[in-house]
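The structure appears right after this line, and notes come after that.
The values are calculated or read from the model by the stated rules, or taken from the named source; none is laboratory data. Predicted model, so just to flag it, every value in this text is computed and none were measured. Cβ placement follows ideal geometry from the backbone for every residue including glycine, while neighbour counts extend to all protein chains displayed. Surface areas here come from the heavy atoms of the whole protein model, side chains and all, with no ligands, DNA or RNA. Shrake-Rupley method; radii C 1.70, N 1.55, O 1.52, S 1.80 Å.
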Amino acid sequence: LQNFQASSNNSQAVSLLGKEITAKGNFLKLTAGESIGCDYSLDRDAATVVATVYDSAGGFVTSFASQNIVAGQHTLPWDGMDKDGNPAIDGSYTVEILAADADGQKIKSETFFTGLVDKVTFENNTPFLISGDQKIAVGDVIKVATPQNVEEGPLFEEQNDTLTNGGK
């Protein structure tokens, strides 16, 4: 029975090759300096949401904020610029989302990663999906789409509020 289940899990993972997935995670992939969405969800309404972007070495790149965000799933766009207004180099980044209510109380948030599955790897009989240089557990996947059928635009509702980039 265990072998059957392992085989089924492996087949499921392999079937995701070439698919676009959305999974729990805080990874960002900047390509050609294009803006990218930071996907997240909030447990309850927030007065302020701050996104902080870090490079692959953990160094601070920039931060930006949005105001008066309702509970649910959203996308906060990053324009691909660093704190000084210069284009960030293409590559892998992470994002941290901090949210607070009007009284300054922290609100629970969760971040999401969207990317194409390039490879599948197996470690200790457990399958992992590879998207770029990110390793994702199959159990963290919350959405799968065929790339040519993906709707244009962000995964979540994009905030059109005024953004402050790098304190400017």
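Structure data summary
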read-out	value
Search result, residues across the stretch 38-76 that are open to solvent by 30 Å² or more (accessible area, probe 1.4 Å), out of contact with any Lys or Arg (no Cβ under 9 Å at 6 or more places or on another chain) and part of a strand (DSSP E or B)	T48, V50, Y54, D55, Q67, N68, Q73
Sole exception among (1) in a loop (DSSP other than H, G, I, E, B); (2) open to solvent by less than 60 Å² (accessible area, probe 1.4 Å); (3) under 19 Å from A137 (Cα atoms) for L17, by number	(2)
Elements of type strands (runs of 3 or more DSSP E) contained in the stretch 101-168, each with 3 or more residues being at pLDDT below 95 and either within 23 Å of Q73 (Cβ to Cβ) or small (G, A, S) (or both)	109-116, 134-137, 141-145
